[in-house]
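Read the structure below first, then the notes.
The values are calculated or read from the model by the stated rules, or taken from the named source; none is laboratory data. These figures come from a predicted structure and were not determined experimentally. Using ideal geometry, Cβ is built from the backbone for each residue, glycine included, and neighbour counts are taken over all protein chains shown. SASA here: full protein model, heavy atoms, side chains in, ligands and nucleic acids out. Shrake-Rupley method; radii C 1.70, N 1.55, O 1.52, S 1.80 Å.
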Amino acid sequence: MANFNLKVNGKNEQVDVDPATPMLWVLRDHLKLVGTKYGCGIAQCGACTIHLGDNAVRSCQLPVSAVNDQDITTIEGLSENGDHPVQKAWMEVDVYQCGYCQAGQIMNASAFLKNNPNPTDEEIEGAMNGNICRCGTYTRIKKAIKEAASSENA
Amino acid sequence: MTKIKTQYNRRSFIKVSAAASGGMLIGFSWLNGCKPNTSLDTGVAIPKEWFDINGYIKIGDTGMVTIFSPNPEIGQNVKTSMPMIVAEELDVPWENVVVEQAPLNTGFYQNQFAGGSLSIRLSWNALRMAGATGRRMLLEAAAKEWGVEVSSLTASEGVIKENSGERSVSYGEIASKAVGIEIPEEVDLKDLKDFKLIGTSKKNVDGRKIVTGEPLYGLDFHREGMKLAMIQHPPAFGMTVKDFNKEEIKNMPGVTDAFIIDTTIDEPGWFDEKGFNHLIAIVGDSTWELMQAKKAIKAEWETVSEPENSDIHIEKLEKALVSGEVEESRKDGNADAAFKKAAKIIERTYSAPFIAHNTLEPMNFFANVTENSAELVGPTQTPESLEGSVSKLLNMPLENITVDMTRIGGGFGRRLYVHFGVEAAAISKKIGGPVKLIYTREDDMSQGTYRPTYRSTYKAGLDENNNLIAFSVKGAGLPEGPVFPNRFPAGTVENYSAEKIKAETNVTTGAWRAPRSNFTAGAEQSFLDEVAEAAGKDPIDFRLELFNRAINDPIGEKHDYEAERYAGVLKLVKEKANWGETKPGVHRGVAAYFCHASYVAEVMDIIMENGQPIVDKVWCAVDCGIVVNKDGAKNIIEGGVVDGIGHAMYSQLTFENGTAKESNFDKYQLIRHSQAPKKIEVFFVENEIDPTGLGEPGLPPAMAALANALYKATGQRHYHQPFSTERKLVG
Ligand code: FES
Ligand code: FES
């Protein structure tokens, strides 16, 4: 057990956990931020995607001890009122079925669009390939990403 | 959440009587009951006071309306579409509506389950009545208030007006008075042509919560003071646990208890299917620590039945096809004799492996069992079955058990089975407090209720004029055979034989999205593609020819489908996809299938990129009767198509010594973004038939449309799923 000072969604948090604990479980069990989802625990599904600084990372593979002073953003902190362009596009396209994968999809898509505001279809597929949607909403996800991109560039 | 069960235990009933005017007249009895609203996301102000109209509807003094959605939401979008039906008949603006998940209440709601694509189909009338009763009660309250006849008033869009134009009152203003109104025995339902909401597209009512990460799912459920728990099951089917290093595990960090639970249910029902009755349970405070403790388990396992390998499964199926027990069959004419006379015979064998459901949210459940009560919260497709099984396990009357449903991170049939809820109850009872049981992905995938593995042989005989004169199918499954003897092409062929054969396995299996259809469609519809080709006929024309036979001069006593509707979706997809048009480099396949009372035809276009097939576009034509929520309906069909392509192409579960070799997404392949179709378009047949389901019917034809398009693209037929590993494709 050890103490860690974290900056999550702009707030300072302190947790006392085993240093090997993945951020996924620190967020879910200790900080009660359950928007970040568990799907596989082995970096295969993307359900646990969060932002570390500006980058999308798999929180199931990120030990709390590796975070240090880097900013962490989760789906709960992506925007104040659910009005991030990616969230808005997701609602506009009505992407989700069960919805369970979508926090991870949104976190990955929003980091991706920040680096590549005008992606091609192939680039979207490449960037999103690590995020499984078991319900098969892939065509809608792609559509929403394009809508978010064009609303950002408008 | 407070919970109120009605003190009555009667079911509302439907009695259709003669229509007096306008809409259908329906008589019924109605009981009140439900719980207060909590979440608000609408265009009207938050009410100070709420008035219970009936168990489905609550109206606030500002005109905000809460509609309770009775069935589990697994992604099929019933939490939006079911309340839409209520709101339609209540005649209230959708912007005024908030939706809440109702708890299990068997005394009041009916058919509170998510399975068989039945939610809308079974509740269509009940939901319409719920709304219409509300409207009627509000009308009566206004009539009483003003001392006029109900017939002099009209209710629309949340407002009641005098036909004379004199006075008007909103639902919110009159709701308090409607509470005292006696529940009417008969109400008018709207004429279909007067629908304003049904048939439009309304966005998912949980959309904002999903994109902002609010706690919605069972895995997100939290109760102050609750413990977390994990289970460890035996490493192979055919094994059971005898003992484990209990003391060592108990001493690990974050672990508060460890023991073996016995979850054996007396006289188990269909929903009690599970791999293992005895499980090691570990209880503690954090998921990560429990995961570490799980890894440290050293257990003594005992073999109780022969562990099986995938090779053995194939052998068993091959043997069953030759000499297995026929469970169900149909014979028209004499297929054997007709084959002897046939000018051409085509015979092909198809197979598919076990597959796991792999809902993205792994199995989990919250339970709080006390001396004389049990509270269960979590993701279940069958809350009533769960209640029954927990009642048996704890020997506790049903009345003392409550089940609340969370939003569910995928169902696909997996959560029809209740064992994980039962296990949570067993653990809670043992520790004497609230607990949330969590499966790891590996737990989830390696002790599933899998889609059975199947093998079928199809045979067709054509005469010298290329007419189909004989058809036979023999299908075996571990355990259930993949044959529906009275489905297409039954009724269309003079000499027809269908045999459904069962075989045994100790691997647990169950309903997986579109049970059996998820294999039969792929096999039958790619077989017919081959038969059409041998007959030198266009695959759509060939099928339409058969449907004509079923329409004009059907063979045999009955068949399970309506040939006109079947032909209807084929004609629609033919038109929408511009069938017959050829584009260089684009390869097309078609398939149609009927299951769960709905008809779906699909045309799929494949292009080859770097030697790899890419699904460029899919057209779907669907006949599910009246469509409630159009865009939501499209979404679920799109999902079915992607799911069908994914599982036909990539997924399989194989066994070695009774152990599933694939236990996470590194080995078990699920379809991903880059493999999904580039575009899917969905069209609905417009008619006035009562709605049928959509959760399953989109999937089965996709498997065959894919196989048929792949054949056009590569010249190779596909018989054995998953196609991506079928020998010739890779080597
Ligand atoms: S849970 Fe982290 S990638 Fe699946
Ligand atoms: S919406 Fe269900 S897993 Fe993506």
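A few remarks follow.
- For the range A:60-76, taking the residues that are part of a loop (DSSP other than H, G, I, E, B) and away from ligand 1 (no atom under 15 Å from the Cβ), the one that is most open to solvent (accessible area, probe 1.4 Å) is identified as A:D69.
- A:A89 being more than 7 Å from chain B (Cβ to nearest Cβ), modelled with pLDDT of 95 or more and not in a loop (DSSP other than H, G, I, E, B): yes
- Within the range B:690-731, tally of residues that are of a type in the set (V, I, T) and either within 21 Å of the chain's Cα centre (by Cα) or within 14 Å of chain A (Cβ to nearest Cβ) (or both): 1
- Residue check, B:F259 buried (at least 20 other Cβ atoms within 10 Å of the Cβ) and more than 14 Å from every other protein chain (Cβ to nearest Cβ): no
- Pair list, Cβ under 7 Å, 6 or more apart: the range A:131-154 residue assigned by TED's automatic domain parsing to the domain that holds A:C98 and more than 16 Å from ligand 1 (Cβ to nearest atom), other residue aromatic (F, W, Y) and assigned to a helix (DSSP H, G or I): A:A144/A:W90
- Residues that are part of a loop (DSSP other than H, G, I, E, B) and within 14 Å of another protein chain (Cβ to nearest Cβ), drawn from the range B:277-295: B:D285, B:S286
- Test: B:A597 is closer than 26 Å to B:I355 by Cβ and surrounded by fewer than 24 Cβ atoms within 10 Å (Cβ to Cβ): yes
- Test: B:W579 is crowded, with 22+ Cβ neighbours inside 10 Å, of a type outside the set (G, A, S) and either within 14 Å of another protein chain (Cβ to nearest Cβ) or not in a helix (DSSP H, G or I) (or both): no
- Selected residue (criterion: nearest to the other protein chains (Cβ to nearest Cβ)) from residues of the range B:619-664 that are over 30 Å from B:E575 (Cβ atoms), open to solvent by less than 10 Å² (accessible area, probe 1.4 Å) and in a loop (DSSP other than H, G, I, E, B): B:N664
- The residues of the range B:319-331 that are part of a helix (DSSP H, G or I) and crowded, with 17+ Cβ neighbours inside 10 Å, listed by number, are B:A320, B:L321.
- Leading residue by the ranking (most open to solvent (accessible area, probe 1.4 Å)) among those in the range A:31-59 that are more than 8 Å from chain B (Cβ to nearest Cβ) and more than 15 Å from ligand 1 (Cβ to nearest atom): A:D54
- Output for the range B:292-330, where each listed residue is among the aliphatic types (A, V, I, L, M) and touching a strand residue (DSSP E or B) at 6+ places or on another chain (Cβ under 7 Å): B:A293, B:I297, B:A299, B:V304, B:L317, B:A320, B:L321, B:V326
- Number of residues in the range B:296-318 that are surrounded by fewer than 14 Cβ atoms within 10 Å (Cβ to Cβ) and either in contact with a Ser or Thr (Cβ under 7 Å, 6 or more places away or on another chain) or in a helix (DSSP H, G or I) (or both): the value is 4.
- Test: residue in the range A:119-129 that is surrounded by fewer than 17 Cβ atoms within 10 Å (Cβ to Cβ), under 26 Å from B:T287 (Cα atoms) and either at the interface with another protein chain (Cβ under 7 Å from one of its Cβ atoms) or among the basic types (K, R) (or both): no
- Residue within the range A:49-56 that is outside any helix (DSSP H, G or I), closer than 23 Å to A:P22 by Cβ, within 16 Å of ligand 2 (Cβ to nearest atom) and at pLDDT 95 or above present: yes
- The one condition from (1) assigned by TED's automatic domain parsing to the domain that holds A:K146; (2) open to solvent by 10 Å² or more (accessible area, probe 1.4 Å); (3) within 15 Å of ligand 1 (Cβ to nearest atom) that A:Q105 does not meet is (2).
- Selection over the range B:169-211 of residues that are open to solvent by less than 30 Å² (accessible area, probe 1.4 Å) and within 14 Å of another protein chain (Cβ to nearest Cβ) gives a count of 5.
- Residue match in the range A:112-128 (condition: under 16 Å from the mean Cα position of the chain (by Cα), outside any helix (DSSP H, G or I) and within 16 Å of ligand 2 (Cβ to nearest atom)): no
- Enumeration of residues in the range A:3-24 that are hydrophobic (A, V, I, L, M, F, W, C) and open to solvent by less than 30 Å² (accessible area, probe 1.4 Å): A:L6, A:V8, A:V15, A:V17, A:M23, A:L24
- Long-range neighbours under 6 Å by Cβ, at least six apart or interchain, first residue touching a residue at least 60 places away in the same chain (Cβ under 8 Å) within the range A:86-101, second within 16 Å of ligand 1 (Cβ to nearest atom) and assigned to a helix (DSSP H, G or I): A:V86/A:I106; A:V86/A:A109
Yes or no, residue by residue, for (1) over 30 Å from B:G410 (Cβ atoms); (2) in a loop (DSSP other than H, G, I, E, B):
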residue: B:L437; (1), (2): no, no
residue: B:F471; (1), (2): yes, no
residue: B:E480; (1), (2): no, yes
residue: B:K500; (1), (2): no, no
